[in-house]
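The values are calculated or read from the model by the stated rules, or taken from the named source; none is laboratory data. In this text, all values refer to a predicted model and were calculated from it rather than measured experimentally. Heads up, the Cβs are rebuilt from the backbone with ideal geometry, glycines too, and the neighbour counts pull from every protein chain shown. For accessibility, only protein heavy atoms count, side chains too; no ligands or nucleic acids. Shrake-Rupley method; radii C 1.70, N 1.55, O 1.52, S 1.80 Å.
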Amino acid sequence: MKKGKAPSSRRAQIQHLYQCYTSGQTTLPACALLKFLHKEQMELTANEETAESLIDRYEIEETARESRSMTFEGFLRYMESKDCCVFDQAHTSVYQRMDQPLTNYFISSSHNTYLTGDQLIGKSHLDNYVWALRKGCRCLEIDCWDGPDMEPVVYHGYTLTTKIFFKDVITTVEQHAFEVSAYPVILSLENHCSREQQEVMAQYLISILGEKLLRIPLDHPTTGDLPSPNDLKYKILIKNKKLKPHIKTVCAAGTDAEESVDEGEEEEEDDEEEEDHQSKTKFWSPRKAGPKPKKKKVAVAEALSDMVVYTRSVKFISFSHSKDNQNYYENTSIAEKKARKLAKASGADFVQHNQKFLSRIYPAGSRTSSSNYNPQEFWNVGSQLVALNFQSLGLPMDLNDGRFQDNGGCGYVLKPEVLMSCQRSFDPGCSQHGLKPTHLLLKVISGSNLPVPRSGKALDPFVRVEIHGIASDSRRKSTHTVKNNSLSPHWDTDMNFNISVPELCLIRFCVRDQTGLLSSEFVGQYTLPFTSLKKGYRWVPLRSRDGCSLDPASLYVFVWYP
């Protein structure tokens, strides 16, 4: 983690721990190191072999290694290594079961993926697709419109955002789809194209994506309903509306006749996605004010419709309507305000709905600056595709990064049992009285090498610890402020939290600079799932506003829970 010496304060704290276990000897023998691992680090599966492998890895003094013991320098190296990170290193690889239906996973999802800025005059750029895919995003949005010379374009309709070619977006996706994850990518098409240009889109999808494009249902998915991430490895799925199937009828004359669904009554458009665009015209419209001309609905071109296999977009009407009419391969998109109302009014029904079907939540059309909602409120009801503007930095994206660094950063995280159980009804809006809360103790001990602002003035730092979970679990607590110390601030503050549904929680450590009596500025943060939290003495790697490492800036903490 560090180059050179650790700051004196943390070094002193670790030295004190070391001395507690050496019992007056000059080095720490393997058996004493094992005792430390059991007692302080709560590494209950550690054995003599574990202790010796740590000595081999972190001790560089020959004589100590030969006598199977550790000098203080070796112990310090170990305490500042990835082995002592607050994030469980076993979770940096895929460790969850990947053979459950897609509905059982939270799936990292992006909204208006093409935009680099706001939704009125921002630029559209191919790099944003690369950036999202490299962050483990598995559901990308593509807004398609008719372009010149029969070349469909991607941009934010009815606005002055710049345009990029659909074929270039698909080429970019093909090149980068599986760089960081082998699991399926869903292309969520917001399709405003004429039938002719939809035909062009279909041709590009086939010719550019080739074998990666999923065009027919799988022979034998491992589960009954939707296939699993394992079943769909290295596949790209198209999420779009689909024509109703041709129905064979027997005429009075007794001969077979093919009847296609009348285009006028084709699957009612997923109007919410439409509204997402239309609502922006209030803010920016090149035309004079006045009623918007009624858009003639265009049916889906058959070639594009045929590519929709497991992710067919249908309009959300109600939970009971879905229960009676929705097929397992159909999914709905719901705007955040409507989704929030549904979660408040009937949280348990929302949880049950998401056990059977995929639901995508997207930011309100009024968020013209591309701001984000807090994704936690929709993960709480089990929505899989909680779509955020990846280009907008801040708390919502910190939570998204924290949630999806789990399970090897592959973009799919198994939903907790509480959201999957058919035995008991779970409503995230209610306090979970039936559950014995988990007690979490976090001792924020110190910080080191905190980044200094441009002014060069030392920080007055404090640490805010936030718990993001169901409403009754969500809390935040802060340490006191240490004046004028960026290098090695010392807080030694105990924080106690009672958490009823820890498996849904994210923990966010946020370092802030006290700039006035009631004002403070962001310095760095780190977010991780409660389930990835290691016990004992740990260091917390800090990240900048845009999610980049601020190494060597870190916090030193002690974590305990039963």
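Counting alpha carbon pairs within less than 8 Å and at least 6 residues apart, what relative contact order, in whole percent, applies to the chain?
15 percent
Using the Cβ atoms and a cut-off under 12 Å, what net charge is assigned to the surroundings of residue 21, where Lys and Arg are +1 and Asp and Glu are -1? That works out to +1.
With a Förster radius of 30 Å, plug the Cβ-Cβ distance of residue 417 and residue 320 into 1/(1 + (r/R0)^6) and report the FRET value to the nearest 0.05. Each step should come with its number before you reach the end.
Numbers: r = 25 Å, r/R0 = 0.85.
In this case the efficiency is close to 0.75.
On the beta carbon distance between residue 207 and residue 146, with R0 = 22 Å, the FRET formula returns roughly 0.65. For segment 470-525, a simple Cβ point-charge model (Lys and Arg +1, Asp and Glu -1, everything else neutral) yields a dipole of about 120 debye relative to the Cα centre. Taking a sphere under 14 Å around the Cβ of residue 441 and counting the other residues whose Cβ falls inside, with K and R at +1 and D and E at -1, yields a net charge of +3.
In the complete set of protein chains, residue-level accessible area for residue 196 is approximately 110 Å², probe 1.4 angstrom. Think of the chain as a dipole: +1 on every Lys or Arg Cβ, -1 on every Asp or Glu Cβ, centred on the Cα centre; then among 319, 308, 20, 20 lies furthest on the positive end. In the context of the full set of protein chains, residues of segment 127-178 present 35 Å² of accessible surface per residue (probe radius 1.4 Å, heavy atoms only). Each Lys and Arg Cβ is given +1 and each Asp and Glu Cβ -1; about its Cα centre, the chain then shows a dipole of about 2140 debye. The residues of segment 502-562 expose, per residue, 34 Å² of accessible area to a 1.4 Å probe. Given in Å, the Rg to one decimal and the Dmax to the nearest whole number for the Cα atoms of the chain are 26.8, 102.
Between the residues 515, 541, 560, the greatest Cα displacement towards the positive end of the dipole of segment 490-562, with unit charges on the Cβ of Lys, Arg, Asp and Glu, is found for 560. About the centre of its Cα atoms, segment 395-487 shows a dipole size close to 360 debye [charges on the beta carbon of Lys, Arg (+1) and Asp, Glu (-1) only; nearest 20 debye]. Our compactness index for segment 464-562, the C-alpha radius of gyration over the empirical 2.2 N^0.38 Å, is 1.09. Between residue 220 and residue 15, the contour length at 0.36 nm per residue exceeds the Cα-Cα span by 68.0 nm. Surface composition of segment 429-562: carbon plus sulfur atoms hold 52% of the accessible area, using a 1.4 angstrom probe and ignoring ligands, DNA and RNA.
As a test, work out the antiparallel percent of DSSP beta bridges whose residues both lie in the chain, rounded to the nearest 5.
Numbers: 59 of 83 bridges.
Just about 70 percent of them are antiparallel.
The Cβ shell under 14 Å around residue 412 holds other residues with a net charge of +4, Lys and Arg each +1, Asp and Glu each -1.
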